[in-house]
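The values are calculated or read from the model by the stated rules, or taken from the named source; none is laboratory data. Quick caveat: nothing in here was measured; it's all calculated off a predicted structure. Methodologically, a virtual Cβ is constructed for each residue, glycine included, from the backbone with ideal geometry; neighbour enumeration extends over all protein chains shown. For the accessible areas, the whole protein counts, side chains as well, though only heavy atoms, and no ligand, DNA or RNA atoms are used. Shrake-Rupley method; radii C 1.70, N 1.55, O 1.52, S 1.80 Å.
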Amino acid sequence: TSENRTFSGLPRDHEDHLFGAVVGLSKRITGPLSDSNSPVAKYEFLQKGWTKDTLENPKGVIYTQAVSNTEISGKVWTAEQVWGLEEFNGEKRFTKHVYFFTPEETVTAKMVYDYQGPTPV
């Protein structure tokens, strides 16, 4: 599916074909990911593994958050993601680190894509 995102950091309602009613936001975050002001400071999994050029990109990494619209869906969950470049076996790959949690469970995942080209801007 297509993921059209506006990097404003403002929450937006969305109807996802898989997850239903969600409220999402997307933005760039700069500076150390472990910094207490970072939205991912409490999630080590989202901070680790990125290439130096990803971490030093002046625009920062891509950060997204999707939260269930519990009022409509009746479900409670949050998914936080950081997108950037990571190396696997000496190859630079576009990667999303996903931290998904509900009151009952937490799931972490890496989604690794083929990537050819310059560092995304």
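Computed with a 1.4 Å probe over protein heavy atoms only, the accessible surface of the chain comes to 64 Å² per residue. A Förster distance of 22 Å, applied to the separation of the beta-carbon atoms of residue 113 and residue 76, puts the FRET efficiency at 0.15.
Using heavy atoms of the protein chains and a probe of 1.4 Å, the accessible area assigned to residue 88 is about 60 Å². Pick out, in residue order, every one of the GluC sites (Glu not before Pro) in region 76-114 that is DSSP loop and has at most 11 other C-beta atoms within 10 Å; say none if there are none. Those that pass, being in a loop and sparsely packed, are 104, 105. The trypsin sites (Lys or Arg not before Pro) of region 1-41 that meet both conditions, a loop assignment by DSSP and at most 16 other Cβ atoms within 10 Å of the site Cβ, are 5. Overall, the accessible surface of region 1-101 at a probe of 1.4 angstrom is composed of carbon and sulfur to the extent of 49 percent. Restricting attention to region 3-108, the count of lysine pairs at 8 or more positions apart or across chains with alpha carbons under 25 Å apart stands at 19. Calculated FRET efficiency, residue 59 to residue 105, Cβ-Cβ distance, R0 = 30 Å: about 0.35 to the nearest 0.05.
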